[in-house]
Every structure is written in structure tokens, then in C-alpha cells.
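Take a look at the structure below.
The values are calculated or read from the model by the stated rules, or taken from the named source; none is laboratory data. Owing to the predicted nature of the structure, the values given are computational and were not obtained by experimental measurement. Cβ coordinates were reconstructed from backbone atoms using ideal geometry, including for glycine residues, and neighbour counts include every protein chain displayed. Calculation scope for accessible area: heavy atoms of the full protein, side chains included, ligands and nucleic acids excluded. Shrake-Rupley method; radii C 1.70, N 1.55, O 1.52, S 1.80 Å.
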Amino acid sequence: MQDKAQQYKELFLAEYGRMYRAAYIMLCDEDDAKDAVQDVFARLWEGAVPLRKETIRTYLLTCIRNRCLNIIAQRQSRQEALKHLTAEDADSGLHDEEIVEAIGRYVDEKLTPQTSRIIRMHYDEEQSYTQISSSLGISLSAVNKHIVQGLRKLRSTFNNREA
């Protein structure tokens, strides 16, 4: 284990700067870039992916690019949802905080406990499908199913409200 830890430490020290710069270029945010790099290294530590010295840089940069794209997609998803809900509720006089509270109540009260938990883990705690799957001991497709069903119910409820 010590050998693995030492190799991991050396890899981290050698590649962190390059990965951080790539993440910062994509995300334009220092904290998000640091988090993305840490996420990649955490997954690398947890996984049993055999790494070859000849391809490690390419592999790590691909991982950081993919993590950044996921972060960007989550940002866009949140912004679009907020814009949509804000536009829908402008006539009803609801404010952003009230909208968020209403959605939170709906998630807690109307969705199944497992779907509610998964929605919260993904959107509130910003966990990936893989992290949720691992944490709950369920398949990625089960995580996806819960999120899709939960979002479908949320859209149906909040798009069909009367102003």
C-alpha cells in the first residue's frame, strides 16, 4: 500500500499543475478547478485502473476534461431550471427563494424517499451518478432512473401550476 501511496503522491505532484490549468481554462473558477482536479485524483485513488506511464498524462487530461464538462453541464442545468421557474412564476409573484423552497418541499414530500435522496445527492451535494451509485450500492442505471423520474415529476408539477 505504501508503494501505491508513494506513486500516487508523485503523480499528484507531477500532474496537479497541468490539470489545474486545464480545468481553470474550462471552468474560469479557481475553486471549481481545484475541486475538479481533486475529484479526478480521488477517483483514481479509489479505482483499480491500471495506469501506464506512457499514457498517464493523456488519461488524466481526458479525465479532467470530462469532469469539467460535467460541471459545466450541471451549471447550465441549474441556470436553465432557475430561469424557467423564475419566468413561469413571475406572474404569480413568487421570488427565487420561495421557488427553491417549494421545489425542496416537493422533493421531500412527494417523491419516494430513495428518489428524493438521490435528487438531493446529485443537485444539492453535487455528487456524480458514479458517486451516488457507489455510496448507495445501486447501479448507475438505477441512479439515472430515479433522477429522470424525479425530474419528470418536478417538471410536470411546476410547469402546470396556475399563475
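Based on the Cβ-Cβ distance from residue 16 to residue 157, what FRET efficiency comes out when R0 is 35 Å, to the nearest 0.05?
Computed FRET efficiency for residue 16 and residue 157 comes out at 0.20.
Determine the relative contact order of the stretch 1-80: mean sequence separation of Cα pairs under 8 Å and six or more apart, normalised by residue count, in whole percent.
Values: 40 pairs, mean separation 27.6, N = 80.
Relative contact order for the stretch 1-80 comes out at 34 percent.
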In Å², nearest 10: area of residue 20 left accessible to a 1.4 Å probe: 50
Would you please give the residues with an amide H less than 5 Å from that of residue 111, counting only those at least 5 places away or on a separate chain, with H modeled from the backbone geometry? none
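What do you reckon, how do 134, 139 stack up by accessible area (1.4 Å probe), largest on top? Don't jump to the answer; show the numbers that get you there.
Details: 134 95, 139 60 Å².
Largest to smallest exposure gives the sequence 134, 139.
For the stretch 1-81, what is the accessible area per residue in Å², given a 1.4 Å probe and the full set of protein chains? Spell out each step's value before the answer.
Values: 5530 Å² over 81 residues.
Heavy-atom accessible area per residue stands at 68 Å².
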Expected vector for the stretch 126-136, Karplus 3J(HN,Hα) from phi with 6.51, -1.76, 1.60 and θ = phi - 60°, integer Hz, x for Gly and Pro, equals 6, 8, 6, 4, 4, 5, 5, 4, 5, 5, 9
Nearest-0.05 FRET efficiency for residue 4 and residue 28 at R0 = 30 Å, using Cβ-Cβ distance, is 0.30
